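Undergrad: My questions will all concern the structure given below.
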C-alpha cells in the first residue's frame, strides 16, 4: 500500500480573490535587546527592585464576593 498523490484543493472564487492579500510570515522571530548605557541599566535595575519591593509588601485585601442573586436583583 503506497501513499496516494494528494491533489491540491480547489479554491473557491472568494479564496482566489483574497489570496493576493495573504502575506508570507517569517517562521523564526529574532529579537535583540537594545544596547543600553550604564546609567540606563542602573535605572532599570532600580525600577525592578522598587517594583519587587512593592509586590512583596503591598496590602492584600480579600477579593469582594458578589452574590449572584443580589447582583441580579440590583439590575
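Every number in this text was worked out from the coordinates using simple rules, so none of it is lab data. As the structure is a prediction and not an experimental result, all values here were calculated from the model.
Undergrad: Please give the calculated 222 nm ellipticity per residue for the chain, where each DSSP H segment of at least 4 residues contributes -39500 (n - 2.57) and the sum is spread over every residue; nearest 500 deg cm²/dmol?
TA: Taking each H run of at least 4 residues, the total per residue is -13000 deg cm²/dmol.
Undergrad: OK, next. In nm, what is the difference between 0.36 nm times the number of residues separating residue 64 and residue 11 and their Cα-Cα distance?
TA: 13.7 nm is the gain from fully extending residue 64 to residue 11.
Undergrad: Return the label of the correct value of Cα Rg over 2.2 N^0.38 Å, as calculated from the structure shown, out of [x] 1.37; [y] 1.05; [z] 2.51.
TA: [z]
Undergrad: Right, something else. Of 60, 22, 50, which is the most mobile in a GNM of the chain whose springs link Cα atoms less than 10 angstrom apart?
TA: Sorting by GNM fluctuation, first place goes to 22.
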